[in-house]
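Q: My structure is below; once you've seen it, I'll send some questions.
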Amino acid sequence: MMKTQILVLMIIASFLFSCEENGLLEDDLQVEAVSVVTSEIDAEDLPTAALDFIDTKFSGELVIQAFAVKIPNEPLMYDVNLTNAVSLTFDEAGSLALFGEALVGCDGRMKKGEKRGRRGRGRGNKPDSSTHIGQHEILEFDELPEAAQTYMTSNYPDDEILKILSKEDSLGLPKYKVLVAEVGAIVFDADGEFVALNDRGGRGCAAFDELAVADLPEAIVSYISENYPDAEVKKARIGTIKEETRIHVFLVEVGVLIFDGEGVFLKLHTRRK
């Protein structure tokens, strides 16, 4: 009898540990028998609509990482991280669903609290509708706190606002996120005070920083002068992808030139037609 009890306890403990490791324990300690599958994919495997959105709304920015996320009985979703630190989540058709909060961690696992998807079965989640996505609520500009509206009109008067979301924090206070074309995700607290720009949402798997054009390696400057003498350099970034240094240089009307850390040209990324 004792051996049987010990065996049962070992099986339960193993099951709970497995669930916790995969982010499957609810906040109220109820266990869900949910198997979430995440897989890293190439940027080219994203839906066409998602790639078009990135190319047109964040020109010159490239996809660092992309994950396909499949929750049982839910449509496929895609989690994307850009070179400007913006996290975007697209639905199966490639339409923007969420931003500024990565669903998948660096290890490719679903982050805890994000697995419930459209049904919103977690504590405090609201059912999905035309105005709600999981725990997030879609807002109009005039629904932002006055301080946030003032900040936006003062700092980004002519920039295109792509989406506005709000979500309650652990204290039940709302946090507001505004996605701005070419800029990224701007975060405000419950009072509408500015908090952060392009918060990675906890991913940070690959970091890219702005690189002044004057600081470009001589090899890159020479390559551009020889091959694109009349092109305008709009911006440059430097970072790492899977422990390899990459330098991206965005040329207007050309695309993004990609170099290694030594300034050796690797390839040209052109805007989708």
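The values are calculated or read from the model by the stated rules, or taken from the named source; none is laboratory data. Here the structure is a predicted model, which is why all the values come from computation and not from measurement. Note that we place each Cβ from the backbone using ideal geometry, even for glycine, and neighbour counts take in every protein chain shown. These accessible areas exclude ligands, DNA and RNA; they are computed on the full protein's heavy atoms, side chains included. Shrake-Rupley method; radii C 1.70, N 1.55, O 1.52, S 1.80 Å.
Q: For residue 250, work out the one condition from (1) closer than 30 Å to residue 40 by Cα; (2) part of a loop (DSSP other than H, G, I, E, B); (3) open to solvent by less than 60 Å² (accessible area, probe 1.4 Å) it doesn't fulfil.
A: (2)
Q: Being open to solvent by 50 Å² or more (accessible area, probe 1.4 Å), of a type outside the set (Ser, Thr, Tyr) and free of Cβ contacts under 8 Å to residues at least 60 places away in the same chain is the filter here; which residues of the stretch 220-245 pass it?
A: Listed by number, the residues that qualify are 221, 226, 227, 229, 230, 232, 238, 242, 243, 244.
Q: Residue under question is residue 137, and the condition is that it be surrounded by 17 or more Cβ atoms within 10 Å (Cβ to Cβ), at pLDDT 50 or above and over 30 Å from residue 237 (Cβ atoms); does it hold?
A: Spelling it out, residue 137 is indeed surrounded by 17 or more Cβ atoms within 10 Å (Cβ to Cβ), at pLDDT 50 or above and over 30 Å from residue 237 (Cβ atoms).
Q: Please go through the stretch 179-203 and pick out each residue that is modelled with pLDDT under 90 and either in contact with a Leu (Cβ under 6 Å, 6 or more places away or on another chain) or within 17 Å of residue 62 (Cβ to Cβ) (or both).
A: 198, 200, 203
Residues are listed down the side, and each one gets a yes or a no for (1) open to solvent by less than 50 Å² (accessible area, probe 1.4 Å); (2) under 28 Å from residue 247 (Cα atoms); (3) modelled with pLDDT under 90; (4) over 13 Å from the mean Cα position of the chain (by Cα):
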| site | (1), (2), (3), (4) |
| --- | --- |
| 8 | no, no, yes, yes |
| 39 | no, yes, no, yes |
| 74 | yes, no, yes, yes |
| 85 | yes, yes, yes, no |
| 88 | yes, yes, no, no |
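Q: For residue 176, indicate whether it is more than 13 Å from residue 101 (Cα to Cα) and modelled with pLDDT of 95 or more.
A: Numbers: more than 13 Å from residue 101 (Cα to Cα): no; modelled with pLDDT of 95 or more: yes.
So residue 176 fails the test.
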